[in-house]
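Structure, as structure tokens:
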Amino acid sequence: MAAAGKRKIAVTGIGLVTPVGNDAATTWQSLLEGKSGADYIRSFDASGFSTTFGAEVKDFVAEEVVPNPKILKCAAKSHGFALAAAAEAMADAGISPTDEDSHRWGLSVGAGMMSISYEDLKVVHDHASKDGFFDPDGFISPDFPGSPVKFCSWQTNAGLALLAKQFGIRGYATSVHTACASGGQAIGSALKALRRGQCDKILAGGFDSMLNPVGISGFCLLGALSTDNDNPKGASRPFDKTRNGFVLGEGAGFLVLEDWDAAKERGTNIYAELAGDGNSLSCYRITDSPPDGNGPIQAIEQALGDAGISSDEIDYVNAHGTSTQMNDQSECAALKAVFSNRIDDVRVSSTKSSMGHLIAAAGAVEAATCCLAIKESMAPINANYANPDPDCDVNLIVDEPAKLKIRAALSNSLGFGGSNSSLVFRNPEEVDA
């Protein structure tokens, strides 16, 4: 049963745009196969960087999935991913806002870390620094190439506004920016809003694209990216002893969330119950979680408590699993602390091994993965794993997907700066039992 007195929330729609598939079905099959979305970067010349590869979305044409040219005029690349994934989630749920109920629809998004595109940034920079020195008068000259439309698209809430416009959502709306935890915390915020009765249905998810010279250079300076330039497809190997950094990806993921009883009444497909949300802040290092798992532990325990279940009911964990030394060890320490002597019974995988790290979109895409795993009774593999790390001795799913009945799944997102998000999803059969 759901936690006493709390409104039950159903996941009825899923939409994905990822480096391994431009829809949910293709992405899911790729994850089961451990297919890698990493390759040498094609969208710009990365030859001068210490990392020359990433996990790009492939063959995506925004105009084919977003028919409104006015919307696209204001959209950055990641906004196109968001609009496509959201449209798929709406279609999957078989429901969308109408004039009568649009004010009872909500929108909760995890926004990308970069709200200005590299191309736009370069235009402005070149105009105001023609001779290599910054000229502030260049910003107010009559021939300044900036555009008010472009300026609006740079704002952090631009994606939120475009989604609301595209789908006619007029109710609760929020844009969350907590780095790599953004997508997960946006879904957690949606859960709270639904339980408070602020809306009846919510489109919730995240989107991001930092695969540009600014994004790559920043992460290279932090020393966070893998430098396995001779083996891009095998570079993301969470929990493997030889891991040396994450693979930067891009994409979007969205869920349609609605009241459980209303979803049952209209006879729609229910993937899972969004049962619990946990949120904490580690404040340890900019890019690392504490070695003892403090911070992630609190988020996981909060999510379990919010769901009204014990750790004994979790059968699968979609780990944050970035493929960085400190964060993988910290998350495993947290999992061992929470699950204690049952840790060997809990199956674990990080789908970043296939998709790379989608930053603000990661938590939303991985939440969707948990819902699909529950629905299909199948958990995807932790790809590229070959060398066990004694500090990461959890029950990883390797070589082939795990066939198992999942009573409840946990999705972790541990962001830069210490933001931690954990979500619990329950099997519909457990909810109705």
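Taken together, the values in this text are just the output of simple stated rules run on the coordinates, not laboratory data. This structure is a prediction, so every number in the text was calculated from the model and none was measured. Glycine gets a Cβ as well: all are built from the backbone with ideal geometry, and neighbour counts include every protein chain shown.
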Which order do the peptides 244-250, 375-381, 77-83 come out in when sorted by mean C-beta neighbours inside 10 angstrom, highest first?
77-83, 244-250, 375-381
I want the antiparallel fraction of DSSP beta bridges within the chain, as a percent rounded to 5.
65 percent
Label assignment, Kirkwood radius over Cα pairs in Å derived from the structure, set (1) 20.8; (2) 21.4; (3) 23.4:
(2)
Which one, Ala84, Ala360, Ala190, is farthest towards the positive end of the dipole of the chain when Lys and Arg carry +1 and Asp and Glu -1 on their Cβ?
Ala190
Hey, how many Å between the Cα centroid of the stretch 379-433 and the Cα centroid of the stretch 262-318?
11 Å
What is the packing order of peptides 13-25, 403-415, 59-71, taking the mean over residues of other C-beta atoms within 10 Å and listing the highest first?
13-25, 403-415, 59-71
Most packed first (mean Cβ within 10 Å per residue), the peptides 310-319, 219-228 order as 310-319, 219-228
Which of the helices in the chain meet the span-like rule: DSSP H, Cα axial reach of 18 Å or more, Kyte-Doolittle mean at least 1.0?
none
